[in-house]
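The values are calculated or read from the model by the stated rules, or taken from the named source; none is laboratory data. Fair warning: this is a prediction, and the values are worked out from it, not measured in the lab. Glycine gets a Cβ as well: all are built from the backbone with ideal geometry, and neighbour counts include every protein chain shown.
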Amino acid sequence: MPTGSIRFSLGHLSEAPRRLDSQAHVWLACPEVAHCPKRRQHYEDVLSASERERYSLFHFEHNRLEYLVAHALVRNTLSRYAPIEPRDWSFKYNRYGRPEIAGGGSTLGLRFNLSHTKGLVACIVTNALDCGIDVEYERPLDDLMQLACTVFSTNEQASLNSLPSELQLGRFYALWTLKEAYIKARGLGLSLPLQEFSFELEEAASPSLEIADSLEDDPDEWQILTCQATKMHKLAVALRRGRTANLRVVYRFVVP
């Protein structure tokens with residue numbers, strides 16, 4: 001399984017954007033950047049009224065910062081690709097909660113997806129392609145195999161169970177982030193039966209995807225990636241690139 005650390009570029013979002021032709025861009029940030037009062041105020045100022053309301057409802061500070069930086073990251077990132085101010089982007093959500101660009105920005109063809117967890121937020125942007133991203137903090141799980149039985153296919157469970165115990169946690173999060181990225185890219189949330197699609201992970205090879213006929217999807221149309229984003233974070237990306245060649249996925253760690 002190719003889970004080597006990402007080689008990040010470092011920079012600020014004021015830098016000129018890269019082209020999205022034949023590429024997908026992944027932008028990552030640490031929630032802790034909002035500990036700076038001036039920066040935190042800037043992030044709060046770009047949120048919509050509904051986002052500010054939800055932001056204010058979080059009980060724990062770390063959850064509040066994850067939400068704030070994630071949504072500021074999306075807005076500032078999208079403004080790299082279009083002459084729209086971060087605070088002026090508007091969004092809509094499908095019935096399963098997938099966000100999409102609304103209003104004047106909806107004609108630009110940009111697609112994005114967002115994920116955040118303890119210590120890391122991530123946003124992926126593509127040119128008109130369905131995309132999903134998931135990041136997870138690899139906390140220990142006492143009930144790992146019990147959880148696996150509820151969310152993984154039979155083949156995934158067998159693969160996990162065949163590993164030495166010290167490798168099972170990393171494999172669990174690799175599989176889970178892959179499944180999350182795929183269902184987010186499909187835009188159908190947990191209405192997709194988790195046991196009816198399956199990932200196989202092999203050393204030095206990209207993950208392979210198997211999909212039950214009932215889900216009416218073609219695994220050959222998907223580009224699937226997994227990696228170790230940081231020492232404690234798994235990251236997965238799902239791109240519906242159709243029958244075209246694989247996209248180049250560019251990662252950048254930034255301060256929004």
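Brief remarks on what is shown
- Taken over the range 214-239, residues that are closer than 16 Å to Lys184 by Cα and polar (S, T, N, Q) amount to 2.
- Positions within the range 105-144 being hydroxyl-bearing (Ser, Thr, Tyr) and either at pLDDT 95 or above or closer than 20 Å to Gly189 by Cα (or both), in sequence order: Ser115, Thr117, Thr126, Tyr137
- One residue from Ala128, Ala148, Ala102, Ala158 being under 21 Å from the mean Cα position of the chain (by Cα) and exposed (fewer than 12 other Cβ atoms within 10 Å of the Cβ): Ala128
- Exactly one residue out of Glu202, Glu180 is closer than 27 Å to Arg139 by Cβ and outside any helix (DSSP H, G or I), and it is Glu202.
- Candidate set from the range 106-159 (those that are free of Cβ contacts under 8 Å to residues at least 12 places away in the same chain and not polar (S, T, N, Q)); member that is farthest from Ala72 (Cα to Cα): Ala158
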